[in-house]
Amino acid sequence: DAKTTQPNSMESNEEEPVHLPCNHSTISGTDYIHWYRQLPSQGPEYVIHGLTSNVNNRMASLAIAEDRKSSTLILHRATLRDAAVYYCILKRLGGSEKLVFGKGTKLTVNP
Amino acid sequence: SAVISQKPSRDICQRGTSLTIQCQVDSQVTMMFWYRQQPGQSLTLIATANQGSEATYESGFVIDKFPISRPNLTFSTLTVSNMSPEDSSIYLCSVGGLLTDTQYFGPGTRLTVL
């Protein structure tokens with residue numbers, strides 16, 4: 001499985017945008033970029049995923065670099081409830097359904 | 001989406017004993033996954049449980065230590081056998097989405113072994 005690299009931690013202020021980066025320089029053409037987050041004392045939850053084009057949903061936006069070697073999860077207005085560990089995971093189209101979690105980025109949101 | 005429940009939510013056990021964790025899904029799913037999350041760490045996949053066949057274990061995990069049952073399409077159990085303090089972790093089950101390429105996770109079972 002291609003590897004992802006994320007900063008260990010990031011900090012943000014409430015109601016400000018947050019940009020969470022992820023590097024995946026060995027990504028293959030059929031690897032989707034998935035983001036999950038794990039709130040304290042909960043199981044992970046799906047946030048967003050994409051292949052080549054930028055994606056938006058009610059939770060976040062995903063910006064994918066043109067060469068696909070990096071991506072950024074964007075939370076447009078951070079709330080205290082967004083404090084979590086965010087995981088960037090590559091998942092191959094037609095490959096195993098299992099997820100391989102890295103260490104993720106722990107996001108702290110300050111009031 | 002899928003709603004997943006796990007029992008127990010937490011337990012404190014003595015070393016040498018075994019604990020069986022249950023995972024119940026509100027819809028029929030083909031594949032269920034069991035993960036372990038050691039204190040302060042990320043999630044590590046233990047095994048994939050398919051209904052009607054033996055579970056597939058990841059490197060470093062064996063059936064004798066973590067036997068899994070998958071009697072139907074909505075239920076699975078993971079047993080942590082002959083426990084030691086190193087088995088103290090959160091154990092989570094997850095399922096793949098029926099129509100989407102996402103996974104849904106249960107709330108986890110927090111296990112402490114004394």
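Quick notes
- Conditions (1) surrounded by 20 or more Cβ atoms within 10 Å (Cβ to Cβ); (2) farther than 30 Å from B:R110 by Cα; number of the one not met by A:T4: (2)
- Each residue in region B:17-66 was checked for being of a type in the set (D, E, K, R) and surrounded by 14 or more Cβ atoms within 10 Å (Cβ to Cβ), and 3 of them qualify.
- The listed residue being surrounded by fewer than 20 Cβ atoms within 10 Å (Cβ to Cβ), within 9 Å of chain A (Cβ to nearest Cβ) and not charged (D, E, K, R), out of B:P85, B:P71, B:P107: B:P107
- Matching residues in region B:39-49 - criterion: being over 13 Å from the mean Cα position of the chain (by Cα) and within 12 Å of chain A (Cβ to nearest Cβ): B:G40, B:Q41, B:S42
- The single residue among B:Q37, B:Q103, B:Q14 that is within 30 Å of A:K106 (Cα to Cα) and at pLDDT 95 or above turns out to be B:Q37.
- Close contacts from region A:32-54, counting a first residue that is facing chain B (nearest Cβ under 8 Å) and a second that is loosely packed, with under 13 Cβ neighbours inside 10 Å, with Cβ to Cβ under 7 Å and a gap of 6+ residues or different chains, come to A:Y32/A:L93.
- Among all residues of region B:64-73, there is at least one that is assigned to a loop (DSSP other than H, G, I, E, B), within 30 Å of A:Y32 (Cβ to Cβ) and without any contact (Cβ under 8 Å) to a residue 40 or more places away in the chain.
- Any chance B:D101 is of a type in the set (D, E, K, R), more than 11 Å from the chain's Cα centre (by Cα) and part of a strand (DSSP E or B): no
- Looking only at residues of region A:86-111 that are at the interface with chain B (Cβ under 8 Å from one of its Cβ atoms) and modelled with pLDDT of 95 or more, we find that the one that is farthest from the chain's Cα centre (by Cα) is A:G104.
- Going through (1) within 11 Å of chain A (Cβ to nearest Cβ); (2) farther than 20 Å from A:E97 by Cα one by one, B:K65 falls short only on (1).
- Criterion: over 10 Å from the mean Cα position of the chain (by Cα), surrounded by fewer than 16 Cβ atoms within 10 Å (Cβ to Cβ) and on the phi < 0 side of the Ramachandran plot - qualifying residue of A:S41, A:S25: A:S25
- Residue within region A:75-83 that is assigned to a loop (DSSP other than H, G, I, E, B), within 10 Å of chain B (Cβ to nearest Cβ), surrounded by fewer than 15 Cβ atoms within 10 Å (Cβ to Cβ) and touching a residue at least 40 places away in the same chain (Cβ under 8 Å) present: no
- Any chance B:I90 is within 14 Å of chain A (Cβ to nearest Cβ), out of contact with any Asp or Glu (no Cβ under 7 Å at 6 or more places or on another chain) and part of a strand (DSSP E or B): yes
- Test: B:V29 is in contact with a Gly (Cβ under 7 Å, 6 or more places away or on another chain), at negative phi and not in a strand (DSSP E or B): yes
The values are calculated or read from the model by the stated rules, or taken from the named source; none is laboratory data. Here the structure is a predicted model, which is why all the values come from computation and not from measurement. Virtual Cβ from ideal backbone geometry, glycine too; neighbours counted across all protein chains shown.
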